[in-house]
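Each remark here refers to the structure printed beneath this line.
The values are calculated or read from the model by the stated rules, or taken from the named source; none is laboratory data. Not measured: the values here are computed from a predicted model. No Cβ is skipped: glycine too gets one built from the backbone with ideal geometry, and neighbour counts run over all protein chains shown. With ligands, DNA and RNA removed, areas are computed over all heavy atoms of the protein, side chains included. Shrake-Rupley method; radii C 1.70, N 1.55, O 1.52, S 1.80 Å.
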Number of protein chains: 2
Amino acid sequence: MMNTTLKLLAQQLQLSISTVSRALKDHPDISTATKEKVHALANSLDYEPNAYAIQLRTQSSKIFGVIVPAISNLFYDSFIAAIEEESRKNGYALMILQSSNNTENELNNLKIFRQTRVSGVFACLSAHTQNLEVYEKMSNRDIPVVFFDIVPKDNKYTKVRMADERCAIIAAEKIIERGAKHVLAIFGDPALSISQKRKQAFQQFMEKYAPKTHCTYVNTHSSTEAEIAFDKHYSKTQKFDTVFAMTDEILIGVMKSIQVHNIKVPKDIGVISISNGFIPNLYHPTISYVETSGFELGKLAFVQMLANIKGGKTLTELTVDARFVEGKSM
Amino acid sequence: MMNTTLKLLAQQLQLSISTVSRALKDHPDISTATKEKVHALANSLDYEPNAYAIQLRTQSSKIFGVIVPAISNLFYDSFIAAIEEESRKNGYALMILQSSNNTENELNNLKIFRQTRVSGVFACLSAHTQNLEVYEKMSNRDIPVVFFDIVPKDNKYTKVRMADERCAIIAAEKIIERGAKHVLAIFGDPALSISQKRKQAFQQFMEKYAPKTHCTYVNTHSSTEAEIAFDKHYSKTQKFDTVFAMTDEILIGVMKSIQVHNIKVPKDIGVISISNGFIPNLYHPTISYVETSGFELGKLAFVQMLANIKGGKTLTELTVDARFVEGKSM
DNA sequence: TTAATATTTGCAAACGTTTGCGGTAAATTT
DNA sequence: AAATTTACCGCAAACGTTTGCAAATATTAA
């Protein structure tokens, strides 16, 4: 089937292409009579403007690029859901690529985004990306970049992230409230700044406000590692009465071990984690957690992006606040 | 910063645009000397071909569209991961839109895909989409559509899906092997064909090969409903010894109740489900399940798409087979 | 009636590529 | 030395839009 174009419409109506084009977008120059004729034919011929031609002509694409480490992730899921929703409302589409935490993929994805001339990029850095040159290249092309979650340290970038320190501190507060004597606190990959931040904030807070509480700190890279770590410390003579899991992944490992040992929560051991809520609610009793909402982060990122597009630069680091969600585990 | 284009390169090198274009893609007509010169300048000026111009000219976009009910879904996650991986390998990018199980959104998304002139669409129907006209429109535009998971009944479409009946039958087999006397089988939304298929296959198989086994069938719409249903039947005098959960969502509800009642698995009750494996492995003991791999489905869908693009039509319904993954719950 | 203004439409260039075809100069063959 | 082939390269059209400007027509004012 032949593609309907402005040209075709123009021919059939004995009008010029420009008139048809203007009629279709309600340009005041065009008379109501012709407008109606044009619209009628366009509808009956199922005219759909060619996005590429428009973009070529107008040099703007109405597409946002998104880079996430992995789509299959509870947190990024909801982040994506949020910007997808907003994008639709604003007439943008989303192009989502995953880096799989691999710097090379990340570079490749950015290349695609440059070639596609996306209107903007939402980027979450791969775990070990150091070289930010590529992102400079985006800016040189006037493609705004909003970093989220895993963000660069440099302040010249626009970034939104969770209030990592606050999360950790809220958790610490709750642990102190509970009157914990001995805490096992499990954090993620020590190379990641998110782990560092959370651990540092947690540790400082505990030392300052509950110096007598004994804390054991552990770093793990996977839920299996977390399970093993929990198990190892659990078998020791000196038992802990509270466990803190920095992420869902860690919580999963911890809960595995808790189920294996048939530990009573919260009687024997209290549990608290940082999460978006899905995993903590899988268990009985439900796990108390400090909420980090990917959804809200997405909303925030989007307004930043829009601001960036409209009003030039907005070089700020915004954080979305955390709140405690009470389960039955503490 | 000025955008580097073929024109710019041509001017600087005192060559024609066509020569530059050809040099960049190793056309045999161009001498090695000029090729080198062109490549050198292109590199130093960071030339990136304008995708829109190319697409306008060549009428092909190297972008696939994907419609899923929700990105935040363990199953679709892995499906997307698979086609994303394949797409990258084949030089395609992905545009992912979610319908949120809403027919209107679905229509809108398809419109975007048409306007973007995607090379093809992977579509999972919304739960209650009946009218397939829009998809006809895609075909009219020579945009191949590969349906996955929730697919139309009509045989004129290309579709890939899980072997739903097989899944249910494998589960039934295992239940019979276990020597179950009384089974509680929980299925999803009865309006969905996937629920119907699985239930029908399961029921038929049980009636034929284990007529003495008493089965109770329930349909639920959410994990909370599943939890309540499990709870209700558990409190009855006539206890069941095995429970079958058709989806992860249902399994979550079941496990909630099992934890609440502190039921011993598999001693008191055996558990089996259909899943991609993430949720079943959260628990101890791990849950046995019939694996439905979104990842494999994605791979399959992609080869179908490629076949569709290259060799015209392939109007078949392919299914990816299921296999039993043994946990400790049966 | 003529000039001036308002209304409606069309022309043509531009966006950055790709590609069929034709042209020139050098290399090869007769 | 003339004729033919080969190796390179450029011209120009096309893809489907948008948009500044000019042109044509209709309307109003003088």
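A few remarks follow.
- Put simply, of B:P69, B:P49 the only residue that is surrounded by 12 or more Cβ atoms within 10 Å (Cβ to Cβ), away from DNA strand C (no atom under 11 Å from the Cβ) and within 44 Å of the chain's Cα centre (by Cα) is B:P69.
- Residue under evaluation B:V160, criteria (1) in a helix (DSSP H, G or I); (2) of a type outside the set (F, W, Y); (3) buried (at least 20 other Cβ atoms within 10 Å of the Cβ); (4) touching a helix residue (DSSP H, G or I) at 6+ places or on another chain (Cβ under 6 Å), criterion not met: (1)
- None of B:T216, B:T242 is more than 25 Å from A:P266 (Cα to Cα), surrounded by fewer than 19 Cβ atoms within 10 Å (Cβ to Cβ), over 22 Å from the mean Cα position of the chain (by Cα) and not assigned by TED's automatic domain parsing to the domain that holds B:A82 except B:T216.
- Any hit, the range A:3-20, residues being open to solvent by 60 Å² or more (accessible area, probe 1.4 Å), modelled with pLDDT of 90 or more and not polar (S, T, N, Q): yes
- Where A:N262 falls short, out of the listed (1) at positive phi; (2) in a helix (DSSP H, G or I): (2)
- Selection within the range A:247-280 - closer than 15 Å to A:N73 by Cα, open to solvent by 10 Å² or more (accessible area, probe 1.4 Å) and in contact (Cβ under 8 Å) with a residue 60 or more places away in the chain: A:D248, A:E249, A:N276, A:F278
- Scanning the range B:212-228 for residues that are part of a loop (DSSP other than H, G, I, E, B) and either within 14 Å of chain A (Cβ to nearest Cβ) or among the aliphatic types (A, V, I, L, M) (or both) yields one hit, B:S222.
- Condition met for B:M95 (over 17 Å from the mean Cα position of the chain (by Cα) and open to solvent by less than 10 Å² (accessible area, probe 1.4 Å)): no
- Residues (within 13 Å of another protein chain (Cβ to nearest Cβ), within 19 Å of A:R198 (Cβ to Cβ) and polar (S, T, N, Q)) located in the range A:229-280: A:N276
- If you filter the range A:281-296 down to residues that are open to solvent by 30 Å² or more (accessible area, probe 1.4 Å) and part of a helix (DSSP H, G or I), you find that the one that is nearest to B:V254 (Cα to Cα) is A:N281.
- Long-range neighbours under 6 Å by Cβ, at least six apart or interchain, first residue within 9 Å of chain A (Cβ to nearest Cβ) and free of Cβ contacts under 8 Å to residues at least 24 places away in the same chain within the range B:62-75, second charged (D, E, K, R) and buried (at least 21 other Cβ atoms within 10 Å of the Cβ): B:S72/A:D77
- Hits in the range A:122-149 (condition: in contact with a strand residue (DSSP E or B) (Cβ under 8 Å, 6 or more places away or on another chain) and either within 13 Å of chain B (Cβ to nearest Cβ) or in a loop (DSSP other than H, G, I, E, B) (or both)): A:C124, A:L125, A:M138, A:S139, A:I143, A:P144, A:D149
- Here B:I54 clears all of (1) under 27 Å from A:P49 (Cβ atoms); (2) surrounded by fewer than 16 Cβ atoms within 10 Å (Cβ to Cβ); (3) near DNA strand D (Cβ under 9 Å from one of its atoms) except the condition numbered (2).
- Any chance B:I17 is β-branched (V, I, T) and more than 8 Å from DNA strand C (Cβ to nearest atom): no
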